[in-house]
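Worksheet: the structure to be examined is printed underneath.
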Amino acid sequence: MNIYMVLSFLQIPNQHNAGAGGHQPAVFRMAVLDTDLDHIFPSSVLPPFWAKLVVGLVAIVCFARSYDGDFVFDDSEAIVNNKDLQAETPLGDLWHHDFWGSRLSSNTSHKSYRPLTVLTFRINYYLSGGFHPVGFHVVNILLHSGISVLMVDVFSVLFGGLQYTSKGRRLHLAPRASLLAALLFAVHPVHTECVAGVVGRADLLCALFFLLSFLGYCKAFRESNKEGMYSSTFWVLLSIFLGAVAMLCKEQGITVLGLNAVFDILVIGKFNVLEIVQKVLHKDKSLESLGMLRNGGLLFRMTLLTSGGAGMLYVRWRIMGTGPPAFTEVDNPASFADSMLVRAINYNYYYSLNAWLLLCPWWLCFDWSMGCIPLIKSVSDWRVIALAALWFCLIGLICQALCSEDGHKRRILTLGLGFLVIPFLPASNLFFRVGFVVAERVLYLPSIGYCVLLTFGFGALSKHTKKKKLIAAVVLGILLINMLRCVVRSGQWRSEEQLFRSALSVCPLNAKVHYNIGKNLADKGNQTAAIRYYREAVRLNPKYVHAMNNLGNILKERNELQEAEELLSLAVRIQPDFAAAWMNLGIVQNSLKRFEAAEQSYRMAIKHRRKYPDCYYNLGRLYADLNRHVDALNAWRNATVLKPEHSLAWNNMIILLDNTGNLAQAEAVGREALELIPNDHSLMFSLANVLGKSQKYKESEALFLKAIKANPNAASYHGNLAVLYHRWGHLDLAKKHYEISLQLDPTASGTKENYGLLRRKLELMQKKDV
């Protein structure tokens with residue numbers, strides 16, 4: 001129903017060319033249109049405040065269902081396993097680490113430098129008192145709502161141009177068009193990944209500061225100087241600063257400088273490509289006196305933007321340290337194709353898929369890699385039609401944007417295409433290889449351009465038809481269907497199981513989808529079903545080493561050691577630096593009593609990952625089995641040096657020293673461990689055993705009772721406390737805890753035997769008393 005209004009406003013020609021004296025006629029004509037269309041769009045909704053309120057509430061409704069969702073998919077690595085969120089990590093480390101908490105200087109770093117986004121995660125963690133996802137999700141939903149509200153102002157500039165009152169207040173000359181476009185943006189289902197997935201915070205923050213930078217740049221033209229040109233160095237510099245902030249939230253943010261330049265040259269500078277081409281062809285001497293070339297203010301602003309962008313890129317490159325990240329063929333297969341033609345065709349096919357996701361956001365998937373989109377290897381592939389359709393539409397729009405004689409139309413199409421294309425450039429593979437095929441999250445900013453073009457298209461369609469109500473019904477239908485899709489998709493992002501299973505119908509050939517479903521099932525203890533999905537992942541991608549590793553682990557736990565060894569051996573042959581697979585191979589070989597091979601596998605794991613405490617722990621277990629006690633203790637000590645809270649390594653050291661009669665050393669290690677991990681009941685239990693053997697009964701008793709308080713259902717804790725009381729002479733207490741232990745574990749033979757000895761001793765004592 002909003003479209004008739006949009007059409008009518010779009011019919012006003014060359015609105016952006018109006019000078020200061022032309023404000024009143026423009027406002028007057030718009031007011032007449034509002035009166036004519038009051039029965040379609042209630043006037044109470046049109047003031048900016050009400051328009052923004054409606055857009056903000058609609059945006060919240062679309063994604064509110066995700067507020068109580070879990071941490072899913074990439075959230076685990078970027079948030080739950082990211083030590084940069086915790087107070088123990090100095091704030092300064094955020095500026096030296098990537099988005100996932102790894103040092104940027106590391107060869108394994110993804111080089112995604114987003115310290116401000118990680119800082120907001122850290123604040124969330126602090127305010128929530130831990131990893132409670134509700135607070136993280138609520139912030140994301142509110143950010144999207146705020147950005148959608150901000151879009152009302154952005155679209156007002158894009159559709160209505162820049163006109164200010166004498167007091168410097170910008171006029172809202174396209175209230176209905178900006179409201180419609182903002183609603184289309186707020187309810188677009190492709191945004192679900194950014195809003196419902198917590199790691200999408202990077203895209204949301206980037207978009208927020210991107211838009212603030214654009215609006216700040218617009219304010220540079222609020223006042224006129226003596227030459228009649230608009231300029232404000234402060235606002236240009238502020239815009240560059242906000243662009244830098246956007247880039248520190250996500251790399252895509254730097255593209256706002258390019259968009260500002262396009263806006264300045266083609267809209268503010270009124271650079272008409274058609275006119276320039278005609279003058280060049282006719283060798284018109286007036287070309288030398290073009291206003292843009294003589295515009296000192298424009299050249300100064302371009303110099304500032306260029307210098308700011310170059311400086312930001314230089315600093316960013318220096319921070320990256322070791323160069324760009326290294327991606328594998330499964331991440332982006334087209335970029336590894338030998339033929340430049342094959343690469344070009346597939347890149348363009350990916351662009352057409354992104355365009356289709358904007359047009360028809362029905363088939364959404366959390367991951368589009370690993371066979372989800374097979375490579376186009378020949379121009380005879382029918383999918384080439386999608387490329388032709390994309391470029392046919394783009395070329396048509398570009399020609400209209402640059403060559404149309406209608407200045408109003410030229411401005412809208414230029415800025416629509418600018419918002420559509422420029423923010424997408426970092427994900428286009430044109431400048432560097434990216435680590436994905438298609439990613440819905442990178443469409444958050446480009447969707448602004450899509451909404452501009454769609455709104456303009458509805459207006460153009462309305463202009464050539466008398467069925468205004470039909471078009472209004474279509475628009476309303478699109479908004480309602482998209483809202484429903486957002487609600488459904490938000491529900492799918494609430495848990496990993498729903499998210500992963502929703503991808504099966506979209507990308508059934510994606511090995512990563514099957515892998516993630518298998519991992520989710522394995523985490524829930526359903527190993528049989530997990531094996532089935534892991535096998536399918538390996539079948540779809542015979543080089544999928546992570547699926548082989550996880551499948552090998554499950555087979556190891558099910559004692560199917562021979563197949564587990566074969567899978568893990570294949571994984572390390574495919575990827576020789578896969579440290580986790582080397583370690584797991586060592587565990588399997590140890591279980592097969594192939595000790596030399598196991599030791600070699602552990603050593604290879606440590607070679608490829610020097611700081612690998614779990615591998616040192618397993619190596620220590622191997623040495624303990626071989627009675628190489630000194631080597632075992634050294635290995636476990638290395639594990640605790642690398643990971644001071646490694647409880648299993650501390651426990652094994654205490655137990656080994658205890659079993660070999662080194663009670664004093666065992667006691668010293670136990671006390672050291674409890675200082676580092678004071679609430680670990682297993683360490684309390686092990687140290688209590690040592691103290692009991694050293695006849696330090698009182699201290700041993702206190703530790704046993706503390707361990708039992710922390711874990712009251714551990715039969716061994718009660719059984720060993722009973723042994724302590726038995727030695728100490730507190731026979732009634734010994735009897736009590738023997739009985740509790742046997743209630744918890746009736747099959748414990750040692751406890752049964754000790755309890756029998758105690759009962760016979762008590763019976764003899766009773767007979768003596770009689």
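For the reader, a short list of remarks on this structure follows.
- Surface calculation, 1.4 Å probe, protein heavy atoms: residue 653 sits at approximately 10 Å² accessible.
- Set of lysines near residue 250 by C-alpha distance (under 17 Å), chain-local residues within fewer than 8 positions excluded: 111
- Segment 304-367-segment 105-141 distance, computed between alpha-carbon centres (Å): 23 Å
- Positive end of the dipole of the chain (Cβ unit charges, origin at the Cα centre): among 362, 254, 390, the Cα lying farthest that way belongs to 390.
- Viscosity 1.002 mPa s, temperature 20 °C, Stokes-Einstein D of segment 626-724 from Kirkwood C-alpha radius, µm²/s: 159 µm²/s
- Once the 1.4 Å probe is applied to the protein heavy atoms, segment 627-770 comes out at 55 Å² accessible per residue.
- Taking every C-alpha pair closer than 8 Å and separated by at least 6 residues, the mean separation divided by the residue count of the chain gives a relative contact order of 12 percent.
- In terms of its C-alpha gyration tensor, segment 713-769 has a prolate overall shape, because the principal axis ratio a/c (a ≥ b ≥ c, square roots of the eigenvalues) is not below 1.5 and a/b outweighs b/c.
- Net charge of Cβ neighbours under 13 Å - reference residue 317; Lys, Arg +1; Asp, Glu -1: +2
- Peptides ranked, highest mean first, by Cβ atoms within 10 Å: ranges 760-767, 598-605: 598-605, 760-767
- Apportionment of accessible area to carbon and sulfur, the chain, percent (1.4 Å): 60 percent
- Ordered by solvent-accessible area of protein heavy atoms (1.4 Å probe), largest first, the residues 608, 726 come out as 608, 726.
- For segment 628-711: relative contact order, % (alpha-carbon pairs under 8 angstrom, 6 or more apart): 22 percent
- Qualifying lysines (Cα of each under 25 Å from Cα of residue 466; at least 8 residues distant if same chain): 409
- Dipole-positive endmost among 215, 688, 585 within the chain (Cβ charges, Cα centre): 215
- Put simply, when 559-568, 129-138 are sorted by average Cβ atoms within 10 angstrom per residue, most first, you get 559-568, 129-138.
- Rounded if a/c under 1.5, otherwise prolate or oblate - segment 69-110, Cα gyration tensor axes: oblate
- Neighbour-limited loop hits for trypsin sites (Lys or Arg not before Pro), segment 445-486 (at most 12 other Cβ within 10 Å; DSSP other than H, G, I, E, B): 466, 467
- Neighbourhood net charge (11 Å Cβ-Cβ; Lys/Arg +1, Asp/Glu -1) for residue 157: +2
- Summary of the geometry: segment 255-273 and segment 603-647, compared by the centres of their Cα atoms, lie 61 Å apart.
- Protection proxy ranking, highest mean first, for peptides 575-587, 187-199, 107-119: 187-199, 575-587, 107-119, where packing is the per-residue count of other beta-carbon atoms within 10 Å, averaged.
- The Cβ shell under 11 Å around residue 566 holds other residues with a net charge of -2, Lys and Arg each +1, Asp and Glu each -1.
- Hull shadow area, averaged, segment 430-492 [alpha-carbon convex hull, nm²]: 6.4 nm²
- Positive dipole terminus of the chain, leading residue within 116, 537, 638 (C-beta point charges): 116
- Dipole magnitude (debye, nearest 20) for segment 713-769, charges at Cβ of Lys, Arg, Asp, Glu: 220 debye
- Rounded, prolate or oblate (a/c below 1.5 giving rounded, otherwise prolate when a/b exceeds b/c) for segment 466-576 by Cα gyration tensor: prolate
- Isolated cysteines in the chain, defined as those with no second cysteine Cβ under 4.7 Å, comprise 194, 218, 360, 365, 393, 399, 403, 451, 615.
- Legend: residue pairs 83/693; 693/736; 556/693; 519/706; 83/607, Cα-Cα distance threshold 28 Å; pairs beyond threshold, 83/693; 556/693; 519/706.
- Volume of the Cα convex hull of the chain, divided per residue and given in Å³: 208 Å³
- Overall, the chain carries a charge dipole of about 900 debye about its Cα centre when +1 sits on the Cβ of Lys and Arg and -1 on the Cβ of Asp and Glu, all other atoms neutral.
- Aspartates and glutamates with Cα under 15 Å of residue 377, excluding same-chain neighbours fewer than 8 positions away: 338
- Residue 314 accessible area, assembled protein chains, probe 1.4 Å, Å²: 130 Å²
The values are calculated or read from the model by the stated rules, or taken from the named source; none is laboratory data. Just so it is clear, the structure is predicted and the values come from calculations on it, not from any experiment. Reconstructed Cβ throughout: ideal geometry from the backbone, glycine too, with neighbour counts over all protein chains shown. These area figures cover heavy atoms from the full protein model, side chains too; ligands, DNA and RNA do not enter into them. Shrake-Rupley method; radii C 1.70, N 1.55, O 1.52, S 1.80 Å.
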